[in-house]
Structure formats: structure tokens, C-alpha cells
Amino acid sequence: MKSTMLFVLAGCLTAATAAVGARADDAGFLRSFQGSFAGNGTLKVSASAPTVNISCTFKSGATSTSLSLDGKCRGLILMTREISADLRASGAGYTGVYIGSRTGPARLNGSRSGNALNLGIRWAKEVNGDRKARLTLEKTGSDGMRLTVTDTDPKTGKTIVTSRIDLQRT
């Protein structure tokens, strides 16, 4: 369950330092994630595990070149996981580090496409047979966001959704 929370909140992005070269329209995009959010979703601890329903809350801060999401997700009766990450604009892309998984810090690297940040995840240790996954942080309407993590099922080679969280501003 803990490594899945890594998936869930690799999308929880905390950034602190300014970066040079971010696209001019990224400032408004990043700032649109500012505020408090809550919502529900699903996650899979591993590719072969059953899907678990979760509820999450996040606080987000943003600058013209960074985004900060710190949150908690709860699943089952007793499982609670705090998660955060650092993400900042770097040239034409985004880089960062996710903190909070039992596998250790994970690297984030990717770019913006429309209303979404598409980020590669590089886990500190193997998850689902390798160290790679994908995170999409998508703006949904004026007050929502969706965090989706996909990975490759080691048995079938097909892409699967390991977590999806839909959040609304509170």
C-alpha cells in the first residue's frame, strides 16, 4: 500500500526554487493549482493487487515556476499516508523529487501539454518489475485536478492505471 501511495502522490508536487526559462503561460497554469483540494480515487499497491478506494486532501502552493502539493490519503480502515514532492519549471520542462514512498525518493521529469503535466517517474527501487512509471497531473475545470499514475503490468506488458485521484477545490 505504501508504494502505491508513492504513485498517488508523485502528483503531489512541492516546489521551492525558481527556475529560468519557463514558458510565459505556465505561470498562470501553475498558479491555478493554488489552494486546498479534496477528493476520492483508486489505487493498486501492485499490478496484481486489487483496487482500493481512497480519499485524499491536499494543500497546494504555487509560484510562476513551481508547484507545491502536500497531502494525505486514506484507504481501507486504518491506512493513512502523508505524501509530498518538489516540482519546478526547468527550461522547457519540469523536474522534481517525490518524497514519501517506502522505496525512497523518486525523480520526476517531464513537460506540459495543454492542461496537463506529463511526468516520468523514476522510483528509487523496483515497483512492478522496473523503476519507471508515468504521472499525469491534469487541470479539470476551474476548480479541479486529476492525478493519474500508469505503469506497465509485468505479466502482460500492457499499460495499467495504478492510481487515479479526482480532486476539487475546497
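The values are calculated or read from the model by the stated rules, or taken from the named source; none is laboratory data. Please read all numbers here as calculations on a predicted model, not as lab measurements. We place every Cβ from the backbone using ideal geometry, glycine too, and count neighbours over all the protein chains shown.
Which one is farthest from residue 160 (Cα to Cα) among residues in region 113-126 that are more than 16 Å from the chain's Cα centre (by Cα) and assigned to a strand (DSSP E or B)? Only one residue fits best here, namely 125. Just wondering, is there one or more residues in region 142-150 that are out of contact with any Leu (no Cβ under 9 Å at 6 or more places or on another chain), exposed (fewer than 13 other Cβ atoms within 10 Å of the Cβ), of a type in the set (Gly, Ala, Ser) and without any contact (Cβ under 8 Å) to a residue 12 or more places away in the chain? No: region 142-150 contains no residue that is out of contact with any Leu (no Cβ under 9 Å at 6 or more places or on another chain), exposed (fewer than 13 other Cβ atoms within 10 Å of the Cβ), of a type in the set (Gly, Ala, Ser) and without any contact (Cβ under 8 Å) to a residue 12 or more places away in the chain. Of all the residues in region 33-54, those that are free of Cβ contacts under 8 Å to residues at least 24 places away in the same chain and touching a Lys or Arg at 6+ places or on another chain (Cβ under 9 Å) number 2.
Checking every residue in region 85-94 against the condition of being in contact (Cβ under 8 Å) with a residue 24 or more places away in the chain and over 27 Å from residue 32 (Cβ atoms) gives zero matches. Just the residues that are farther than 30 Å from residue 27 by Cβ and modelled with pLDDT of 90 or more, please, taken from region 53-89. The answer is 53, 54, 55, 74. Looking only at residues that are touching a Ser or Thr at 6+ places or on another chain (Cβ under 7 Å) and without any contact (Cβ under 8 Å) to a residue 60 or more places away in the chain in region 118-129, which one is surrounded by the fewest Cβ atoms within 10 Å (Cβ to Cβ)? The residue in question is 125.
Yes or no, residue by residue, for (1) at pLDDT below 80; (2) in contact with a Leu (Cβ under 8 Å, 6 or more places away or on another chain); (3) part of a loop (DSSP other than H, G, I, E, B):
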| residue | (1), (2), (3) |
| --- | --- |
| 5 | yes, yes, no |
| 36 | no, no, no |
| 42 | no, no, no |
| 104 | no, no, yes |
| 111 | no, yes, no |
